[in-house]
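Novice: Handing you this structure, nothing more for now.
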Amino acid sequence: MKNFIIHRLVIRFFVIGIAICSFASLQAKDILVSSPDGAVTVTVGVSAKKPFYKVAYNNAEIISPSHLGFQLDYGLLGDNVKLTEKRFATKDETWEQPWGEELSVRNQYNELTVCFQEQTGQKRKMGVVFRVFNDGIGFRYILPNIGKDKKYCIQDELTEITLAHDAKAWSIPTNHTEYFEGIYTPSMVSEKDTVCTPLTIEYEDELFMAIHEAALEDYASINLTPRAGKDGRVRLLAALSPWQSGVKVYAEGELRSPWRTIIIGKTAGDLMLSRLMLNLNEPSRITDTSWIEPGRYIGIWWSIHKKQNTWEMGPTHGATTQNVKRYIDFAARHGFSGVLAEGWNQGWGEGEQISYLKPYPDFDIEEVCRYALSKGVRFIGHTETWGNSKLLEQQMDSAFAWYHRLGIRAVKTGYVGHYFDGKELAKSQYGIRHYRKVIETAAKYQIMIDNHEPAMPTGIQRTWPNLMTQEGVRGQEYNAWDVKGGNPPAHTVTLPFTRCLAGPTDFTPAIFNFSEVVKGTHPHSTLAKQLGEFVVIYSPLQMAADAMENYEGQPALTFIESCPTTWSKTIIPNGKIGEFVTVARKERDGDRWFVGSITNERAREIALPLDFLDAEGQYRAIIYEDGPGADYQTNPYPITIRQEVVSHKTVLQLHLARSGGAAIRIEKVK
């Protein structure tokens, strides 16, 4: 695909002024900008000489007046100001994704850019841009260039998001969760400590919100600290991830912050369908995206976590030439596009020096890659750093060039280690800069990236579509060895409404063998739920995570073999955070639909209308669902595979066992 194709573009600018902060003072009155459908309204103004904004939805205030500003190294910016300029714009375009949950994305918003200026002293200026969509808002700061050899040192960002009232929300705490690998738990917002975003809020009966950020490029990741007020409101204060020095952001020239985003929907499912975050990122900087190929893959990952193999070289080393060739043969037989082998390179044993260019003696990477390509499969590389980001930066040009020559098109990166280079947080500006270097260098060599231990995604895959998927989640591996018992049944019915809102999630589903190495550590789900998760938890590089032996001769594998990983359309027929969710996705370049439906520890009977099908013609539904006696604690394996002739008028009845699920492939009858 050559770049993104813009189908429809209507741009109208109502401009007062040519550039931000360049015109005479406005009268002291509030300024309003609404969404194209009029449902969302943002009001911007100055109160008590401080800049503020507020948000209404269907004429009801949901975000009360909230202050804006910065604490800079040379003082407060956002006090004793007046509103001096404003500028309006509107946009309506449709663009195409090279991969994603839809083919086409509509980007429709109204925009307001304002300038606040100090009334005394240096009379410094601060611009803020608000974009208002039908499903929420984004706003970002623009600080002008302050001159040659002068830099911004942001000590704190003083952004507030003030909820008009307290509400139930799901989050993970910032200070007690490494790599975002936590359980999203519900509580009132006012009861939470500082939390990571996305923060998902069940605000009212028919009103949900998700607070996050978009286009995080050269800045610190945001966290939110709640402060309850006596008036019943709850202020969420920005808490940026700092450098070791305590400074949050260093910048020179014009500073553009990430967008602060608030997605708004009537249902929790509406949050999942929002593309607001993608729309706030810049279009692709990769002109030719034809080499970017989503797909299904397998690997030796689960057998290592189950202690059957090792990463480091030894008698049970997993990444040997012979073993990986076995996986390549399996991938070729069953329609998988890639095979991942961690532990192929030197540096996994104690005291070994890491190298991304030197394989272990028992792994002939040249032969493995040649053999894979001869079978129509690609080997997937891996670069674990243990937090030594500088080492990867030193080697990645040479390594990625070598991988490209070998036919490797995807690399899994890893950063196990609390600090980058022994000193800086991965979520800080230091870490964000590193991640960006890796993505851009990989693009130069036509390498796709699966980033583990990342910063929380913010939609930059629109700009760099070789950033395929990221971890940043408490994934399947916890079901292999976590002594606390692995992931609870509600985990994967909470993730679609929380972590997955940030972007593609490498959770690694599809475990078929529930045997235990550590007592109590197996997937707390049924086999049918594992199939359903393959559709529900979106990743364009989707790993069927089990060992190949556990798939051989298993009829349930036929669903995985047929399931795409990029889609033309996605809908959410039903869902309740932490309880159940159903996701339906239509393949690209075809008429088939794939559906995943999963539940928590409660068994359910789900009525699924198929009104998303074309009105013309009939379909065949192949349904994989929990069989008689299936139960995640006592008997996870029973699965029933049945067929029904269906149409857009059909309502399918699905049985979901406790922590069970269903997966459906719907094909047009010709």
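Novice: So, for the range 524-626, what is the accessible surface per residue at a probe of 1.4 Å, expressed in square angstrom?
Specialist: Details: 3060 Å² over 103 residues.
Dividing the accessible area of the range 524-626 by its residue count gives 30 Å².
Novice: Cα-based Rg (one decimal) and Dmax (whole number) for the range 593-670, in Å?
Specialist: Expressed in Å, the Cα Rg and Dmax of the range 593-670 come to 13.2, 44.
Novice: Using θ = phi - 60° and the Karplus form 6.51 cos²θ - 1.76 cosθ + 1.60, what ³J(HN,Hα) does each residue of the range 212-225 get, whole Hz, x for Gly and Pro?
Specialist: Here the 3J(HN,Hα) series is 7, 8, 9, 6, 7, 10, 9, 6, 8, 5, 8, 10, 10, 10 Hz.
Novice: What is the distance in Å between the Cα centres of the range 502-516 and the range 291-363?
Specialist: After rounding, the separation between the Cα centres reads 18 Å.
Novice: Determine the relative contact order of the chain: mean sequence separation of Cα pairs under 8 Å and six or more apart, normalised by residue count, in whole percent.
Specialist: The value is 11 percent.
Novice: What is the mean projected area of the alpha carbon convex hull for the range 173-304, to one decimal in square nanometres?
Specialist: Projected area, direction-averaged: 13.2 nm².
Novice: Would you work out which of 624, 568, 608 lies farthest towards the positive end of the dipole of the range 562-670? Charges go on Cβ: Lys and Arg +1, Asp and Glu -1.
Specialist: Going by the charge dipole, the pick is 568.
Novice: Take the residue pairs 49/123; 151/423; 150/437; 375/529 and return only those whose Cα atoms are more than 20 Å apart.
Specialist: Going by Cα-Cα distance, 151/423; 150/437; 375/529 fall outside the 20 Å limit.
Novice: Follow-up question, since we're still on this one. Calculate the FRET efficiency for residue 433 and residue 554 from the Cβ-Cβ distance with a Förster distance of 35 Å, rounded to the nearest 0.05.
Specialist: Step by step, r from the Cβ atoms, then E = 0.20.
Novice: Then there is this: What list of ³J(HN,Hα) values in whole Hz, one per residue of the range 275-286 in order, does the Karplus curve 6.51 cos²θ - 1.76 cosθ + 1.60 (θ = phi - 60°) give from phi, with Gly and Pro shown as x?
Specialist: Running phi through 6.51 cos²θ - 1.76 cosθ + 1.60 with θ = phi - 60° gives 10, 4, 5, 4, 5, 7, 9, 6, x, 4, 9, 9 Hz.
Novice: Accessible area, 1.4 Å probe, largest first: how do 498, 41 sort?
Specialist: Values: 498 0, 41 30 Å².
Most to least solvent-accessible, the answer reads 41, 498.
Novice: What dipole magnitude, in Debye to the nearest 20, does the chain give about its Cα centre under +1 on Lys/Arg Cβ and -1 on Asp/Glu Cβ?
Specialist: 1500
Novice: Another question about this same structure. Which trypsin sites (Lys or Arg not before Pro) does the range 550-607 hold that lie in a coil by DSSP with at most 10 other beta carbons within 10 Å?
Specialist: Sparse-neighbourhood loop trypsin sites (Lys or Arg not before Pro): none present.
Novice: What FRET efficiency comes out for the pair residue 267/residue 444, r = Cβ-Cβ distance, R0 = 45 Å, nearest 0.05? Working shown, then result.
Specialist: On the way: r = 42 Å, r/R0 = 0.93.
Efficiency for this residue pair is about 0.60.
Novice: Considering only protein heavy atoms, with the full assembly of protein chains and a 1.4 angstrom probe, order 153, 563 by accessible area, largest first. Don't skip to the answer; put the middle values down first.
Specialist: Details: 153 25, 563 0 Å².
Descending accessible area places them as 153, 563.
Novice: Hey, can you rank 270-276, 186-192 by average C-beta count inside 10 Å, highest first? Walk me through the intermediate numbers first.
Specialist: On the way: 270-276: 21.4, 186-192: 15.9.
Those peptides, ordered most packed to least, come out 270-276, 186-192.
Novice: Please figure out what share of the DSSP beta bridges in the chain is antiparallel and state it in percent, rounded to the nearest 5.
Specialist: Within the chain, antiparallel bridges account for around 85 percent of the total.
Novice: Reported to two decimal places, what Rg/Rh ratio describes the chain when computed on Cα atoms with Rh from the Kirkwood expression?
Specialist: Rg/Rh: 0.97.
Novice: May I ask you to derive the relative contact order of the range 455-587, considering only C-alpha pairs under 8 Å and at least 6 residues apart, and to give it as an integer percent?
Specialist: Relative contact order of the range 455-587: 25 percent.
Novice: Moving on. Among the GluC sites (Glu not before Pro) in the range 193-231, which ones are in a DSSP loop with at most 14 other Cβ atoms within 10 Å of the Cβ? Mind listing them?
Specialist: Details: sites: 202, 204, 206, 213, 217; in loops: 206, 217.
Those satisfying the criteria are 206.
Novice: What is the Cα centroid distance between the range 538-608 and the range 409-460, reported in whole angstrom?
Specialist: 28
Novice: Looking at the range 381-475, what % of its DSSP beta bridges pair antiparallel, to the nearest 5? Write out the running numbers ahead of the final one.
Specialist: On the way: 2 of 13 bridges.
Rounded to the nearest five, the antiparallel share is 15 percent.
Novice: Of 539, 404, 243, which is farthest along the charge dipole of the chain in the positive direction, counting Lys and Arg as +1 and Asp and Glu as -1 at C-beta?
Specialist: My answer, from the dipole projection, is 243.
Novice: When the accessible area of the range 370-423 is split by element with a 1.4 Å probe, what percent falls to carbon and sulfur?
Specialist: Answer for the range 370-423: carbon and sulfur cover 49 percent of the accessible area.
Novice: Let me ask another. Taking the full set of protein chains and a 1.4 angstrom probe, give the accessible area of residue 522 in square angstrom, rounded to the nearest 10.
Specialist: 20
Novice: Output the relative contact order of the range 573-619, whole-number percent, from Cα pairs under 8 angstrom with separation of 6+ residues.
Specialist: For the range 573-619, the relative contact order is 29 percent.
Novice: Relative to the Cα centre, what is the charge dipole magnitude of the range 21-129, using +1 at the beta carbon of each Lys and Arg, -1 at the beta carbon of each Asp and Glu, and rounding to the nearest 20 debye?
Specialist: Around 740 debye, computed over the range 21-129.
Novice: Using only C-alpha positions, report the orientation-averaged shadow area of the convex hull of the range 66-147, nm², one decimal.
Specialist: Mean shadow area of the hull around the Cα atoms is 7.9 nm².
The values are calculated or read from the model by the stated rules, or taken from the named source; none is laboratory data. Owing to the predicted nature of the structure, the values given are computational and were not obtained by experimental measurement. A quick note on method: Cβ atoms are made from the backbone with ideal geometry, for glycine too, and the neighbour counts reach across all protein chains shown. When the accessible area is computed, the model is the full protein with side chains, heavy atoms only, and any ligands, DNA or RNA have been set aside. Shrake-Rupley method; radii C 1.70, N 1.55, O 1.52, S 1.80 Å.
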